Amino acid sequence: MKAVLGLNGDLTFQTRLKEFMWETLYGNNPNAFLKEEDFLVAGQYLAAYMGSAIIGVFQQWLESGTKESPLEMARILTTISVNGPFFAAGLKK
């Protein structure tokens, strides 16, 4: 995973991962969890933000030696993704 997401990783993978997230979560998927017509911002920006944020968290985890368990990383990503970064930073209740 470090070869793909590390500092010298393949940017093509990151781009493909963001595209996959868009198609899976929001794209022309009748079972999509989110509906683009409900978005408060343009969907492509939302997908880019979320994909880049998740990749960034994984990169940080890899660079810091993967001290947290995968379960803890899932909790961290869920907290930030569902509640937002201001909530995760303790600035928003």
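A few comments on the model shown:
- For volume of the Cα convex hull per residue in Å³, computed directly from the structure shown, the correct entry in [x] 102; [y] 122; [z] 83 is [y].
- GNM on the chain, alpha-carbon springs under 10 angstrom: the most fluctuating residue among GLY65, GLY43, GLY27 is GLY65.
- Shown for the chain: lysine pairs separated by 8 or more places, or found on different chains, whose C-alpha atoms are under 27 Å apart, numbering 6.
- Other residues lying with their Cβ under 13 Å from the Cβ of ALA32 contribute a combined charge of -3, Lys and Arg counting +1, Asp and Glu -1.
- Using only alpha carbons, segment 53-93 has a radius of gyration to Kirkwood radius ratio (Rg to Rh) of 1.00.
- Cα-projected label distance for ASN28 with THR79, points at 7 Å along beta-carbon direction, nm: 4.0
Any read-out appearing in this document is the output of simple, stated calculations on the displayed coordinates, not a laboratory observation. A quick note: this is a predicted structure, and the numbers were derived from the prediction, not measured. As a convention, Cβ positions derive from the backbone with ideal geometry for all residues, glycine included, and neighbour counts pool all protein chains shown.
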